[in-house]
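A.B. asks: Just dropping this structure here.
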4 protein chains.
Amino acid sequence: MIIEIDFNSDEAIYIQLRNQIIMGIATSEIQEGESLPSVRQLAETVGINMHTVNKAYTVLKQEGYIQLDRRKGAVIALDVNKIEAVEKMRAQLRILLARGLCKDISRVEVHEMVDEIYDEMIGG
Amino acid sequence: MIIEIDFNSDEAIYIQLRNQIIMGIATSEIQEGESLPSVRQLAETVGINMHTVNKAYTVLKQEGYIQLDRRKGAVIALDVNKIEAVEKMRAQLRILLARGLCKDISRVEVHEMVDEIYDEMIGG
Amino acid sequence: MIIEIDFNSDEAIYIQLRNQIIMGIATSEIQEGESLPSVRQLAETVGINMHTVNKAYTVLKQEGYIQLDRRKGAVIALDVNKIEAVEKMRAQLRILLARGLCKDISRVEVHEMVDEIYDEMIGG
Amino acid sequence: MIIEIDFNSDEAIYIQLRNQIIMGIATSEIQEGESLPSVRQLAETVGINMHTVNKAYTVLKQEGYIQLDRRKGAVIALDVNKIEAVEKMRAQLRILLARGLCKDISRVEVHEMVDEIYDEMIGG
DNA sequence: GTGGTCTAGACCACT
DNA sequence: GTGGTCTAGACCACA
């Protein structure tokens, strides 16, 4: 799994890291039960500070994507609180689609985009 | 148009303000050519700092939702750069759907959610 | 409210800080809705690093004692999840009383101690 | 006597080990004069590192629960320094009850909890 | 002026 | 060797 950070982005590095790891889980590049690299190792690979990786891992834990195992480090462990997840997604979709409406993006186009992204991710 | 700020949210106040104004445009509560309240007035109504309102308006201008007129203040004026808007939406949908996949939200459920939100907004 | 840190303690500074703030809430020295000092201010007063205070505040937020208000800073706001709190207390009492049993501390003595501490705190 | 470690807990493994052994002594599952398993054996049974078991035993010795004998290994031997034990318990009860007060746990409920735990342990 | 983010280096606890 | 903790300094976003 390749992680690439855009240092010119206005998104915080730990957020980019978190997002890419979530993408990795979604596309099954990393699977439930597997371990992420140690904070020091990933920090060196990516070229950032250990503490920044640590923050990304902490957030991933809070959001229910990993668990910190004292022997194996950060292990993929999905805590599926679906009700919460659905509400969170709905809130974010709402603003996303509102933006789309203002920019003349049609309902059909959104549905197409959703399907394209799903096909990308699950390798359909 | 009612604006409500959650001061305990982890989202910046000016972002919440921007989002709610975009929602207002999408749902036609405010229409093209109409003016937003003055910076001072909105700040007072909502109970926040003038600088914060200013920042929200500046962002809305940069993103092509309003224009700042010396006499009429902030006027709704949509600058539809659709190609850019589509790419922006695609990038955000990608991480949103990745999160959904991890949390067992199915493709069908996402499509349903999209339709529900569209119906809410355009009053279908 | 006076905060004192024992730099020779084996307890982490941010834990000592958290505990003393919880004590302050329990004894009503600080009340619901009041603000804690800013991280910089408290750090200076106590003579520790800003980041350490920040960590204490973060933990207090996660545990449901404060909320971070973007205008007022850290505000006392008790999130009473009693079921969770009771289970947490039971788990900790279990090991505490087990230690007591091994050290010949009687059930009566524990009850007395509990009453003494309650009287101290609520000023009975 | 069954020992179970939660590798995802934020409590160090050697602390969990220590606590469970103290629980075993308190509930008379292991009695004064009896031996604990050898470091090697316990490490293998539980699936942890030998050093970790060693650390737990060392702490138990320092706290006056066992003695380390070259031939018999770790033997339960209670060193009752009651005054010290009472002060230690009082300090920990103080923060525990402060937490309880904040979470609306009443004095009566604490007394009930104490009795329940005592009954569990001494098989009342 | 405030918190958020990032970096960096150091020490210790834990495995 | 690993993460946890603490310190420190710097810059930026936010109010």
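A.B. asks: Exactly one of these conditions fails for B:Val75: (1) outside any helix (DSSP H, G or I); (2) open to solvent by 40 Å² or more (accessible area, probe 1.4 Å). Give me its number.
C.D. replies: (2)
A.B. asks: For segment C:16-38, give me the residue count where each residue is without any contact (Cβ under 8 Å) to a residue 24 or more places away in the chain and either open to solvent by less than 40 Å² (accessible area, probe 1.4 Å) or not assigned by TED's automatic domain parsing to the domain that holds C:Gln67 (or both).
C.D. replies: Looking only at that region, the number is 3.
A.B. asks: For the structure I just gave you, tell me whether C:Asp104 is outside any helix (DSSP H, G or I), free of Cβ contacts under 8 Å to residues at least 24 places away in the same chain and in contact with a Gly (Cβ under 8 Å, 6 or more places away or on another chain). Please lay out each step first, then the result.
C.D. replies: Values: outside any helix (DSSP H, G or I): yes; free of Cβ contacts under 8 Å to residues at least 24 places away in the same chain: yes; in contact with a Gly (Cβ under 8 Å, 6 or more places away or on another chain): no.
So C:Asp104 fails the test.
A.B. asks: Further question: May I ask you to list pairs of residues, at least six apart or on different chains, whose Cβ atoms are under 7 Å apart, with the first in segment A:75-100 being at the interface with chain B (Cβ under 7 Å from one of its Cβ atoms) and under 25 Å from B:Ser28 (Cβ atoms) and the second being part of a loop (DSSP other than H, G, I, E, B) and of a type in the set (A, V, I, L, M)?
C.D. replies: Note: pairs meeting the criteria are A:Met89/B:Ile105.
A.B. asks: While we're here: Spot the failing condition for B:Glu32; the list is (1) touching a strand residue (DSSP E or B) at 6+ places or on another chain (Cβ under 9 Å); (2) within 16 Å of DNA strand F (Cβ to nearest atom); (3) within 14 Å of chain A (Cβ to nearest Cβ), and only one is missed.
C.D. replies: (2)
A.B. asks: Condition (residue is at pLDDT 95 or above, open to solvent by 70 Å² or more (accessible area, probe 1.4 Å) and assigned to a helix (DSSP H, G or I)) applied to segment A:110-123: is it met by at least one residue?
C.D. replies: Scanning segment A:110-123, I find at least one residue that is at pLDDT 95 or above, open to solvent by 70 Å² or more (accessible area, probe 1.4 Å) and assigned to a helix (DSSP H, G or I), so the answer is yes.
A.B. asks: May I ask you to list the residues in segment A:37-72 that are assigned to a loop (DSSP other than H, G, I, E, B) and under 22 Å from A:Phe7 (Cα atoms)? Even if it seems obvious, please write down each step before you answer.
C.D. replies: Restricting attention to segment A:37-72, the residues satisfying the condition of being assigned to a loop (DSSP other than H, G, I, E, B) are A:37-38, A:47-49, A:63-65, A:70-72.
Scanning segment A:37-72 gives A:Pro37, A:Ser38, A:Gly47, A:Ile48, A:Asn49.
A.B. asks: On to the next question. When segment B:11-28 is examined, which residues are found to be more than 16 Å from A:Leu93 (Cα to Cα), assigned to a helix (DSSP H, G or I) and within 16 Å of DNA strand E (Cβ to nearest atom)?
C.D. replies: B:Ile13, B:Tyr14
A.B. asks: Continuing with this model, one more query. Name the single residue, out of those in segment B:102-122 being aliphatic (A, V, I, L, M) and more than 17 Å from the chain's Cα centre (by Cα), that is farthest from the other protein chains (Cβ to nearest Cβ). Talk me through it step by step, then tell me what you get.
C.D. replies: Of segment B:102-122, the ones aliphatic (A, V, I, L, M) are B:105, B:108, B:110, B:113-114, B:117, B:121-122.
Narrowing further to those that are more than 17 Å from the chain's Cα centre (by Cα): B:105, B:108, B:110, B:113.
On the way: B:Ile105: 6, B:Val108: 10, B:Val110: 6, B:Met113: 6 Å.
For segment B:102-122, the residue satisfying everything is B:Val108.
Yes/no matrix, rows are residues, columns are (1) open to solvent by 90 Å² or more (accessible area, probe 1.4 Å); (2) closer than 20 Å to D:Asp10 by Cβ:
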site	(1), (2)
C:Ala12	no, yes
C:Gln41	yes, no
C:Thr45	yes, no
C:Asp69	no, no
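A.B. asks: Right, another one. Only one of (1) open to solvent by 70 Å² or more (accessible area, probe 1.4 Å); (2) within 16 Å of DNA strand E (Cβ to nearest atom); (3) farther than 30 Å from B:Glu87 by Cα; (4) within 16 Å of the chain's Cα centre (by Cα) is not met by A:Asn54, so which one is it?
C.D. replies: (1)
A.B. asks: Is at least one residue of segment C:83-101 under 16 Å from the mean Cα position of the chain (by Cα), under 14 Å from D:Val110 (Cβ atoms) and open to solvent by 40 Å² or more (accessible area, probe 1.4 Å)?
C.D. replies: Yes, that holds for at least one residue.
The values are calculated or read from the model by the stated rules, or taken from the named source; none is laboratory data. What you see is a predicted model, and the numbers here were worked out from it, not measured in a lab. With ideal geometry, Cβ positions are generated from the backbone for all residues, glycine too; neighbour counts draw on all protein chains shown. With ligands, DNA and RNA removed, areas are computed over all heavy atoms of the protein, side chains included. Shrake-Rupley method; radii C 1.70, N 1.55, O 1.52, S 1.80 Å.
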